[in-house]
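Below you'll find the structure, written out as structure tokens, and then a few comments.
Values quoted throughout were computed directly from the atomic coordinates according to the rules given, and no laboratory measurement underlies them. Computed from a predicted structure; not experimentally measured. Here the Cβ positions follow ideal geometry from the backbone for every residue, glycine too, while neighbour counts run over all protein chains shown.
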Amino acid sequence: MIGVTAAASAGIYLGRGYIHPGLAMPVMLGVLTGSLVGARHLVGARTRALRLIFAAVIGVLALEMMYSGFSGAMR
């Protein structure tokens, strides 16, 4: 259901010029490739390693958000 809704809204956004195809295409290819590779490696992955990687990514994002909040920088 989410895919149907996203596809309908993507068509509207693309038609109104809110999406730049030159930027959206590489992002779409990266997400597709990453999801396929991730799904294949997830079967044999160890849970502890996944938790550590996820914790590191979330930690870096938290630090970046705190820095942006305290410095007043808007992206």
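Observations
- Subset of segment 60-69 [within 16 Å of the chain's Cα centre (by Cα) and among the small types (Gly, Ala, Ser)]: Ala62
- Residue check for Gly3: surrounded by 10 or more Cβ atoms within 10 Å (Cβ to Cβ) and out of contact with any Pro (no Cβ under 8 Å at 6 or more places or on another chain): no
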